[in-house]
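**Q** Can you keep this structure in mind? I'll have questions shortly.
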Amino acid sequence: MRTRAQQIWDYIATLKLFEAVDKIGSVDGNLKIQKLVFLTELEGVRAHLAAMHLKFFRFTYGPYSKELANDVKSLIEHGIITSTKRLTKKGQFILDYIAPEIPHSTKASEAFSIIENVSNQYGKKSGPRLVDLVYKMMVPVYERGGELVKVEDIDYFTDIFVPSAQGLEDVDVLNADMVADIEQELALPLDALNPTNPEYQRNVTAAIERLRQVVTA
């Protein structure tokens, strides 16, 4: 099971993926989301890094993560992304908030680099095309002791990735204060991000002050 910090990181990584894909194409449905995140985790596993922390198992259209489906649903419900899988101002605000911290973490920088590379390589492809590509890939299967197996040959409901049990290095960019700040942003109504809104100004000022305290501690 993910920790809350790991879940928040997965939200951030998903937003980063959407932002990167949007520069060259679009996330045109759940098939594409599932396969792009799977490919991101695949590259992370190859680098012994938990680029994201989502369990994937073999399902109808190849690798599938129920946690990812729930995360995307939650991001839509909180106004972080739209129903058409584009970042809202609130979603962009969260990415902008975390951006200054990424260069200070080697693992976070590597994870973002993986996301950018996956997006650049596969972002223009449709969901069905990605399904076809992933089916032909040889991937290490957790439930078979890391054995390399072609995706189309993996038995249904077999666990492919279980990051929490695979001994992968974790991204270390989020401290408790940052997790709390992002949780607060998740709970804010969209109009709280209007720069003319006094609540927005108070929240930005408070967040900057907390970051200053962390840096000078």
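The values are calculated or read from the model by the stated rules, or taken from the named source; none is laboratory data. Since the structure is predicted, the reported quantities are computational estimates derived from the model, not experimental observations. Here the Cβ is made from the backbone with ideal geometry for all residues, glycine too, and neighbour counts use every protein chain on show.
**Q** Inspect the range 98-108 for any residue being farther than 13 Å from Leu42 by Cα, touching a strand residue (DSSP E or B) at 6+ places or on another chain (Cβ under 8 Å) and modelled with pLDDT of 95 or more and give the result as yes or no.
**A** Yes, the range 98-108 has at least one match.
**Q** Mind listing whichever residues of the range 21-32 are surrounded by fewer than 24 Cβ atoms within 10 Å (Cβ to Cβ), within 16 Å of the chain's Cα centre (by Cα) and either of a type in the set (D, E, K, R) or not in a loop (DSSP other than H, G, I, E, B) (or both)?
**A** Within the range 21-32, Asp22, Asn30, Leu31, Lys32 qualify.
**Q** Considering only strands (runs of 3 or more DSSP E) fully contained in the range 98-172, which possess at least 3 residues that are surrounded by fewer than 15 Cβ atoms within 10 Å (Cβ to Cβ) and over 21 Å from the mean Cα position of the chain (by Cα)?
**A** 147-150
**Q** Based on what the data block shows, is Asp181 in a helix (DSSP H, G or I), in contact with a helix residue (DSSP H, G or I) (Cβ under 6 Å, 6 or more places away or on another chain) and either modelled with pLDDT under 95 or exposed (fewer than 13 other Cβ atoms within 10 Å of the Cβ) (or both)?
**A** Here the answer is yes, as Asp181 does meet what is asked.
**Q** Of all residues in the range 148-175, which are of a type in the set (A, V, I, L, M) and without any contact (Cβ under 8 Å) to a residue 40 or more places away in the chain?
**A** Leu148, Val149, Ala165
**Q** Another one. If you scan the range 68-90, which residues turn out to be assigned to a helix (DSSP H, G or I) and either in contact with an Asp or Glu (Cβ under 8 Å, 6 or more places away or on another chain) or hydrophobic (A, V, I, L, M, F, W, C) (or both)?
**A** Once the filter is applied, which keeps residues that are assigned to a helix (DSSP H, G or I) and either in contact with an Asp or Glu (Cβ under 8 Å, 6 or more places away or on another chain) or hydrophobic (A, V, I, L, M, F, W, C) (or both), the range 68-90 yields Leu68, Ala69, Asp71, Val72, Leu75, Ile76, Lys90.
**Q** Another question about this same structure. If we scan the range 48-63, do we find a residue that is part of a helix (DSSP H, G or I) and among the hydrophobic types (A, V, I, L, M, F, W, C)?
**A** no
**Q** Give the residue that is nearest to Tyr11 (Cα to Cα), with candidates limited to residues of the range 54-94 that are surrounded by fewer than 17 Cβ atoms within 10 Å (Cβ to Cβ) and of a type in the set (Val, Ile, Thr).
**A** The extreme case among them is Ile76.
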